[in-house]
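The values are calculated or read from the model by the stated rules, or taken from the named source; none is laboratory data. Since we're looking at a predicted model, the values are computed, not measured. Cβ placement follows ideal geometry from the backbone for every residue including glycine, while neighbour counts extend to all protein chains displayed.
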Amino acid sequence: MSNPASPMVDWSDWRPTIDALRREFPILDRKVHGDKPLIYLDNAATAQKPKAVLEVLNRFYTESNANVHRGIHCLAEEATEAYEASRKTVASWLGAPSEKAIVFTRGTTEAINLVAHGWGNKFLKPGDRILVTEMEHHSNLIPWQMLARRTGAVLDWIPVTGDGVLDLSRLDEQLASTRMVSLTHMSNVLGTVNPVRDVVARAHAHGALVLVDAAQSAPHSLVDLNELDCDFLAFSGHKLMGPTGVGVLYGRPELLEAMDPFLGGGEMISKVTWQDATWADIPYKFEAGTPPIAEVIGLGAAVRFLQSLDWKVFHAYSDALTRYAIAQLESIDGLVVHGKAPDRGGAISFSIRDLHPHDLAHFLDQDGLAIRAGHMCAQPLIHQLGHSALTRASLYLYNLPEEVDALVRGILRVKEFFHRVLG
Ligand code: PMP
């Protein structure tokens, strides 16, 4: 995703495609606070769900609900077949070498914790380095902090420049004694798309593994394992139009084989005695207990929905809409957009002089505008930017330029109100 600068865009060629897409999302017709049409600009937190996903969830519970991998009856077989079909869908979508490389988790957070425990507890020694970046979501920071405390490993980070891009000038130095690099593909605060392939090549040259947090990039269909060449990759279903409570960990099969399980319980075992147990093959070794069955099946439907889209069109549209939104927002006096990466997605965080993000979000909500205010689960980065909270508008494929215009009008109204009241 790149954004050459020019906000003057003729939207008419895109309009029929975007209008058709919007019709797939019943929630976009909602009114809030009485008669205010919903303008949903909180997509980096979670995306809305198309009918294709809603119908699959409804059909599963209406017709095929049963536990998986256990029952020898018709419904159990249907449920297992649909659950495993989702694994195939996800594996082929990502370009994974094998379905065995796809572990279903409860989300990105659980996937990263799984690696920190299953790989980190077993293989890290005191003094080994774990390298993250200054733009990580807490999901990709706290599990490594905890691992460092458990093992005596050292946590280090790649700095972020004033423009919101990674400063890789010291990377080779930092990679000495690094065993794991864990970085986000796309920042949920700055929108920056990181040069993951370059980092992976340099990390591998130093013998380090790389985990990619694709929570924000997978929804924009930017994940191709053959291109990224990473060792682990994690994402959540709910940000790519699938259900909450489900996510994916991709791991190189030989690494997953070597790792210890994360959670113990039913279905992840091979043989059990009172004193001991052996593990099931991958990926089942990592899927203890009853998994989020309907959610996995819904995730499969969401991925098929993503696969059905013409990404040449949607990438061009998303880039244009992001550029337009940034230009319109920056035209507001006192507003600063944080993050100037040339390669970026539509998570746009900003601050406005003399206006607290929570006040702004509260007032915009009265106009039907759903945006995010706070630290966006990235406190170290937000503090580094000199703030304790920011406001974020995050765009997805179904957003419209007039929704951006409504946001800008809304911000101007709130500014004007506070100016009048506070003088
Ligand atoms: N990483 C990034 C970059 C994110 O944006 C998020 C969600 N905001 C997460 C990780 C965590 O995802 P989840 O809460 O679905 O586990």
**Request:** Scan the stretch 369-392 and give yes if some residue there is within 28 Å of Met8 (Cα to Cα), away from the ligand (no atom under 16 Å from the Cβ) and touching a strand residue (DSSP E or B) at 6+ places or on another chain (Cβ under 8 Å), otherwise no.
**Result:** yes
**Request:** Would you be able to say whether some residue in the stretch 144-152 is within 17 Å of the chain's Cα centre (by Cα) and surrounded by 24 or more Cβ atoms within 10 Å (Cβ to Cβ)?
**Result:** no
**Prompt:** Among the numbered criteria (1) in contact with an Asp or Glu (Cβ under 9 Å, 6 or more places away or on another chain); (2) under 30 Å from Pro16 (Cα atoms); (3) not small (Gly, Ala, Ser), which single criterion is violated by Arg304?
**Reply:** (1)
**Asked** What is the one condition in (1) under 24 Å from the mean Cα position of the chain (by Cα); (2) surrounded by 18 or more Cβ atoms within 10 Å (Cβ to Cβ) that Ser388 does not satisfy?
**Response** (2)
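Going through the stretch 171-204 one residue at a time, which ones are part of a loop (DSSP other than H, G, I, E, B) and either within 16 Å of the ligand (Cβ to nearest atom) or more than 23 Å from Leu124 (Cβ to Cβ) (or both)?
Keep residues of the stretch 171-204 that are part of a loop (DSSP other than H, G, I, E, B), which gives 176-177, 185, 187-191, 194-195.
Selection gives His185, Ser187, Asn188, Val189, Leu190, Gly191, Asn194, Pro195.
When you look at Ala5, is it part of a loop (DSSP other than H, G, I, E, B), at pLDDT below 95 and of a type in the set (A, V, I, L, M), yes or no? It would help to see each step written out before you state the result.
Details: part of a loop (DSSP other than H, G, I, E, B): yes; at pLDDT below 95: yes; of a type in the set (A, V, I, L, M): yes.
Taking the combined requirement at face value, the residue satisfies it.
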**Candidates Glu173, Glu227, filtered to the one that is closer than 23 Å to Leu255 by Cβ and not assigned by TED's automatic domain parsing to the domain that holds Leu395** = Glu227
**Request:** Answer yes or no: is there a residue in the stretch 38-52 that is among the acidic types (Asp, Glu) and either at pLDDT below 95 or in contact with a Ser or Thr (Cβ under 7 Å, 6 or more places away or on another chain) (or both).
**Result:** yes
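For every residue, the table says whether it meets (1) away from the ligand (no atom under 16 Å from the Cβ); (2) in contact (Cβ under 8 Å) with a residue 40 or more places away in the chain.
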residue	(1), (2)
Gly242	no, yes
Pro253	yes, yes
Met259	yes, yes
Ser270	yes, no
Ile282	yes, yes
